[in-house]
Amino acid sequence: MVNIRDISIKCGHCNTYQTLCGFQQRGDFNVYTYECEGTGCDPELSRTLVEVPRELDEFARRDPDWRGSGSV
């Protein structure tokens, strides 16, 4: 199982932690979007997408009200 809340993502440009800011379902995957918390990074260049197979996504199953994740 994968719980996205147990993962820390750092920006490759400034080494600042990124914040979870989006969720989307794509086929058999849940896609989580992270953006840099730093002030000098362009979100279009520093955005990180993390794809988690739906059947392994513990966070989407445990928090069904978070941005529509309950439909997994």
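The values are calculated or read from the model by the stated rules, or taken from the named source; none is laboratory data. Every value quoted in this text rests on a predicted model; they were computed, and no experiment measured them. Because the Cβ atoms are built from the backbone with ideal geometry, glycine has one as well, and the counts that use them run over all protein chains shown. Note: accessible area is taken over every heavy atom of the protein model, side chains too, but ligands, DNA and RNA are not part of it. Shrake-Rupley method; radii C 1.70, N 1.55, O 1.52, S 1.80 Å.
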Just name the residue that is nearest to Asn3 (Cα to Cα) out of those in the stretch 13-39 that are open to solvent by 80 Å² or more (accessible area, probe 1.4 Å) and assigned to a loop (DSSP other than H, G, I, E, B). Asp28
Within the stretch 40-66, considering residues that are at pLDDT below 80 and under 12 Å from Ile4 (Cβ atoms), the one most open to solvent (accessible area, probe 1.4 Å): Arg62
